[in-house]
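The values are calculated or read from the model by the stated rules, or taken from the named source; none is laboratory data. None of these values were measured; they are calculated from a predicted model. For neighbour counting, all protein chains shown are included, and Cβ atoms are generated from backbone atoms with ideal geometry for every residue, glycine included. We work out accessible area using only protein heavy atoms, side chains counted, and drop any ligands, DNA or RNA first. Shrake-Rupley method; radii C 1.70, N 1.55, O 1.52, S 1.80 Å.
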Amino acid sequence: MSTGGDLGAGRRLRTAVRAAPRALRHDLLTVVADPLPPVVAPRWLARLPHLLVVLYGALLFELHHVDRSAVPITAVQAVAVPLAMFRPVLAWWVVVAAMVGGALAVGDPYPWSHATIAALAGVLFLLALRARPRVVVEALAVGVLAGLASVGFDVHNHSPNADWPVALISTDVGQVVTICGLAAVVGAARRARRLTRARLTAQESIAAEERARRTLLEERTRIARELHDVVAHHLSVISIQAQVAPHLVTDPSDALTENLASIRGNALEALAELRRVLGVLRVHDTPSSEPSHVPQPTLAQLDELVGNVRDAGLAVTTRTIGQPRPLPPGVELSAYRIVQEALSNAIRHAPGAAVRVEVAYQLADLLLQVRNTTPTQSPPPPTGAGHGLLGMRERVAMLGGKLSTGPTPDGGYEVVASLPAPTDPPPVEDTVCRPSAF
């Protein structure tokens, strides 16, 4: 059993070794642009990181105090630091090449000069901000090995008795790895924090979309339940009229009786199906304090609604324009609910404001306007996602009307809804909303 495990481990090791060159080529042999991630800040502050990087590159010249022949090498390394803001892998190769070139052309203190160590640490930090940890480790390993190879793997410390600041940036390989490793860890930590924040933002966006979708479905279900009685009433009327019609005709023919019986049967079947659909809509509902079998409200009850709102402390005035006329039951119900929701929003979000409600009966439509003034008190903090405006939009869209909402110039808020309401609706006795009789 252990022999099989050893063979499996050996195969995995050989596979990893064979894949290493391919991974190095993929990770490090690239010049693809990879700019610094944007900073969420005011516009004048968004470029501050870029300015700091450029300043860091300029300060690299202050770390060089050898001879004039090394100035071009230090200049190349200083330019590589700003380059790392856009192409970090390419900038890393530039710094490593300058390090090896300095060791071969100038000698001591290369490859581990102060400027080189600062350039390696800065570029590695910028690389760790964008690249995966594996790429950062590979880059650090390649840089250290290239430096050791340029001096024939001769490792020694040129300043063993130096003070702490000088010893920190010394020529010892262990200290070089420590400094660059710390820069890489800080960069990787910043990258991990940014990615975590981005994932959290994405999850919040998904949750908000799901919440909006669920709210929309709940509101549509609520509207469907309210319209159930309206549809059920008309089907009940059709059924009753089909049953009574044969008795209103002297000696009705068999064909007429059969057709009327078929109409009544279809109406009763539609009522049964409607009841099943309503049961599906209510299967997941929480217990409600509202009665389940009460007539749906109409504009005839608008005065009662306004009176209740006044009792709640809101100053409300009403105005009716045009001659009131019978409207389709769906329009009556939707108009009442729109005004009700607009008044509820005013109570919640505009305490102390004065509200004006206008109902205008026009030739082809019904115009509703609910407008409140600037609130005199601070509204309480919201307790959850509201359904008010969403419900209004759904009701208006269902009827093919128009809705506009928004703040007014005086600091208040206005809701204007236009609902199609033709001037020749069905007779009044056939449009009164009653609870279903089944």
Taking a ≥ b ≥ c as the square roots of the eigenvalues of the Cα gyration tensor, with a/c under 1.5 meaning rounded and otherwise prolate when a/b exceeds b/c and oblate if not, the stretch 316-425 is prolate
Using a 10 Å cut-off on Cβ atoms, rank the peptides 109-119, 406-416 from the highest mean neighbour count down.
-> 109-119, 406-416
Please give, to one decimal in nm, the separation of the simple spin-label points placed at Thr15 and Leu389, each 7 Å out from Cα toward the Cβ.
-> 5.5
Probe 1.4 Å, protein heavy atoms only - accessible area per residue of the stretch 298-401 in square angstrom | 50
Just the Cα atoms of the stretch 311-362, one point each, no solvent: what log10 I(q)/I(0) does Debye give at q = 0.18, 0.21 Å⁻¹?
-> -0.66, -0.83
Sorted on mean Cβ neighbours within 10 Å (highest first), peptides 309-321, 190-202 come out as 309-321, 190-202
